[in-house]
Amino acid sequence: MTNQTMSLAEIITSRRTIHDFIKGQVPDKSVIKEALEMSCWAPNHHLTEPWHFYLLEKETINGICELNKDVLTESKGSDVAEKKTKRWMGIPGWLVVTCEKSNDELLYQENYAACCCVIQNLMLALWAKGIGTKWSTGPITREDRFYDLIWVNPDLENVVGLIWYGYPADIPQTLRKPLQQVLTELP
């Protein structure tokens, strides 16, 4: 599945959420930055470009893993926390995408939708290069301490997703509902 000869349809229909990455194989940062640059061509009302990317390095990743370990130890016990920490520490690449906040609810909804489009563009651009992703919106991304670790002011930005990336160790197979189940044609 890695090549630039895939058609757009093949890229869209073959992309999957990757849960297991090949350990120790971190994609080159230049490839990630190229995909980020392409992703910014997402539609956004009034060209607000409300997104911001945070490419995380080892120190921040370790801090997030420790925070998650503390939260999980309190809620689910140390065995679950240790297992998840080990799994998270093996994820090759980490990126956070945020959305600029607004007091105007409609503007914020439009901006949030644009940030979701930018993430989809990013995942497709990376998939075309053989790099898999997982878009996480788990509880850790809503922790005040998470915002502290990534140096984001929660009064100004909202985390839209924590994006894990790397080369897939396994590509899950899934199906989608037939179009006739999700399409209503109106007169």
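Summary table
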quantity: Protection proxy ranking, peptides 14-23, 170-179, 122-131, average beta carbon neighbours within 10 Å, highest first; calculated: 122-131, 14-23, 170-179
quantity: Footprinting exposure proxy for MET6, MET89 (fewest neighbouring C-beta atoms within 10 Å first); calculated: MET89, MET6
quantity: Extreme residue, positive dipole direction of the chain, given options ASN153, ALA42, GLY132 (C-beta unit charges); calculated: GLY132
quantity: Fully extended contour minus Cα-Cα distance, from ARG145 to VAL80, at 0.36 nm per residue; calculated: 21.4 nm
quantity: Once the Cα gyration tensor of the chain is diagonalised, semi-axes √(5λ) in Å; calculated: 27, 23, 18
quantity: Amide hydrogen neighbours beyond the local backbone of GLY166, cut-off 5 Å, H modeled; calculated: GLY132
quantity: Using a Förster distance of 30 Å, the FRET efficiency for TYR108-GLU10 (Cβ separation, nearest 0.05); calculated: 0.30
quantity: FRET efficiency for GLN181 and MET38, using Cβ-Cβ distance with R0 set to 30 Å, rounded to 0.05; calculated: 0.40
quantity: Derived scalar couplings ³J(HN,Hα) [segment 146-155; Karplus, 6.51 cos²θ - 1.76 cosθ + 1.60; whole Hz; x for Gly, Pro]; calculated: 5, 4, 4, 5, 9, 6, 10, 7, x, 7
quantity: Sequence-distant residues sharing a close amide H with LEU56 (under 5 Å, placed H); calculated: TRP94, LEU95, VAL96
quantity: Whether segment 17-111 is rounded, prolate or oblate, judged on the alpha carbon gyration tensor where a/c under 1.5 counts as rounded; calculated: oblate
quantity: Mean residue ellipticity (222 nm) of the chain, computed from DSSP H runs ≥ 4 via -39,500 (n - 2.57), nearest 500; calculated: -13500 deg cm²/dmol
quantity: HN-Hα J in Hz across segment 36-42 - Karplus 6.51, -1.76, 1.60, θ = phi - 60°, x for Gly and Pro; calculated: 4, 4, 5, 4, 5, 7, 5
quantity: Within segment 10-167: Cβ-based charge dipole about Cα centre, in debye rounded to nearest 20 (Lys, Arg +1; Asp, Glu -1); calculated: 820 debye
quantity: Cβ-based charge dipole, segment 10-167, positive-most Cα from TRP51, TRP94, ILE119; calculated: TRP94
quantity: Diffusion constant of segment 91-163 at 4 °C, which comes from Stokes-Einstein with the Kirkwood Cα-pair radius and 1.567 mPa s, µm²/s; calculated: 99 µm²/s
quantity: Amide H contacts of VAL160 (H built 1.01 Å from N, under 5 Å, at least 5 apart or other chain); calculated: VAL97, THR98, CYS99
quantity: Extension gain from HIS45 to LYS29, taking 0.36 nm per residue of separation minus the Cα-Cα distance; calculated: 2.8 nm
quantity: For segment 120-163 versus segment 40-116, the gap between their alpha-carbon centres in whole angstrom; calculated: 3 Å
quantity: Total lysine pairs under 20 Å (Cα atoms) in segment 10-167, excluding pairs fewer than 8 apart on one chain; calculated: 26
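Computed from the coordinates by the stated procedures, all read-outs in this text should not be read as laboratory data. All values reported here derive from a predicted model rather than from experimental measurement. Backbone-built Cβ (ideal geometry, glycine too); neighbour counts: all protein chains shown.
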